């Protein structure tokens with residue numbers, strides 16, 4: 001990843017999660033579509049051209065039974 005900012009988030013149970021803030025797709029996005037399961041963000045779709053535009057990247061998140069973030073997959 002280029003220009004990534006990595007931080008640690010305290011999960012409150014003595015463990016920490018890596019938090020990376022970046023969008024490393026070519027071009028710039030102008031629309032972000034989020035999908036949730038309850039309060040957990042499960043997918044973020046980045047688009048160019050507004051809500052009906054072209055998808056340039058997707059982040060998919062998975063969680064354990066307690067709602068803790070397990071994985072983030074970029075496609």
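The values are calculated or read from the model by the stated rules, or taken from the named source; none is laboratory data. Computed from a predicted structure; not experimentally measured. So basically every Cβ, Gly included, is an ideal-geometry build from the backbone, and we count neighbours across all protein chains shown.
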Are there any pairs, at least 6 apart or on different chains, whose C-beta atoms fall under 7 Å, with the first in region 41-52 and buried (at least 17 other Cβ atoms within 10 Å of the Cβ) and the second outside any strand (DSSP E or B), and if so, which? 46/23; 46/25; 46/29; 47/29; 47/53
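Do you know which residues across region 42-63 are closer than 29 Å to residue 11 by Cβ and modelled with pLDDT under 95?
Hits for region 42-63 are 44, 45, 46, 57, 58, 59.
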Residues that are modelled with pLDDT under 65 and either part of a strand (DSSP E or B) or within 10 Å of the chain's Cα centre (by Cα) (or both): does region 8-15 have at least one? yes
Selection count where residues are assigned to a strand (DSSP E or B) and more than 14 Å from the chain's Cα centre (by Cα), scope region 41-71: 3
Considering only residues of region 29-40 that are assigned to a loop (DSSP other than H, G, I, E, B) and in contact with a strand residue (DSSP E or B) (Cβ under 7 Å, 6 or more places away or on another chain), which is surrounded by the fewest Cβ atoms within 10 Å (Cβ to Cβ)? 30
